[in-house]
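Asks: Handing you a structure now.
Rule-based calculations on the coordinates, nothing more; no lab input. Just so you know, these numbers come straight off a predicted model, no measurement behind them. Note that each Cβ is placed from the backbone with ideal geometry, even for glycine, and that neighbours are counted across all protein chains shown.
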Amino acid sequence: MSDTAVIRERFTLDDRTFTVLAEPAYDPETGEWTGRFLYVPLDHSLPRIVATGPVKRAKQRDEVVRQLAAAVDRELARAFRALALPQASSARGS
């Protein structure tokens, strides 16, 4: 089970607007906690939430949460731009 925390209620990047969440998770293979960003589209520019792979690591959950919460806008933008984005559906309501 993982918990999510709001990093930015409203984050605008180019012509898209998101809520950015952080999600810590325990990795039993490495014995570390990892954290990733989730981008929830507020403007319907994407068909679903998109998530990064692990962007932070630490031995303790609280440390990963602190690292994620301290992310600056530049880091959030860089992580988003590195994602392979899903294509929006062109046929609405059909």
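Asks: Which FRET efficiency value, to the nearest 0.05, do you get for Leu42 and Gln87 by plugging their Cβ-Cβ distance into 1/(1 + (r/R0)^6) with R0 = 22 Å?
Replies: 0.75
Asks: Just to check, using Stokes-Einstein with a Kirkwood Rh over alpha carbon pairs, what's the diffusion coefficient of region 1-43 at 10 °C and 1.306 mPa s in µm²/s?
Replies: It comes out at roughly 139 µm²/s.
Asks: Tell me what the chain gives for mean residue ellipticity at 222 nm when only DSSP H runs of n ≥ 4 count, each as -39,500 (n - 2.57), the sum divided by the residue total, rounded to 500 deg cm²/dmol. The partial results should precede the final answer.
Replies: Values: 2 runs with 18 residues, N = 94.
Helix-only estimate at 222 nm: -5500 deg cm²/dmol.
Asks: Percent of Cα-Cα pairs more than 23 Å apart in the chain, please.
Replies: 28 percent
Asks: Pop out the ³J(HN,Hα) list for region 6-17 in order, Karplus 6.51 cos²θ - 1.76 cosθ + 1.60 with θ = phi - 60°, rounded to Hz; leave Gly and Pro as x.
Replies: My calculation for region 6-17 gives 7, 8, 9, 5, 9, 10, 9, 9, 6, 9, 10, 10 Hz in order.
Asks: Are there trypsin sites (Lys or Arg not before Pro) in region 45-86 that DSSP marks as loop and that have at most 15 other Cβ atoms within 10 Å, and which are they?
Replies: Loop-located and lightly packed - Arg48, Lys59.
Asks: Pick out, in residue order, every one of the GluC sites (Glu not before Pro) in the chain that is DSSP loop and has at most 10 other C-beta atoms within 10 Å; say none if there are none.
Replies: Glu29
Asks: For the chain, what does the relative contact order come out to in percent, with C-alpha contacts under 8 Å and a separation of six or more? Walk me through the numbers on the way to the answer.
Replies: Numbers: 165 pairs, mean separation 21.6, N = 94.
Value for the chain: 23 percent.
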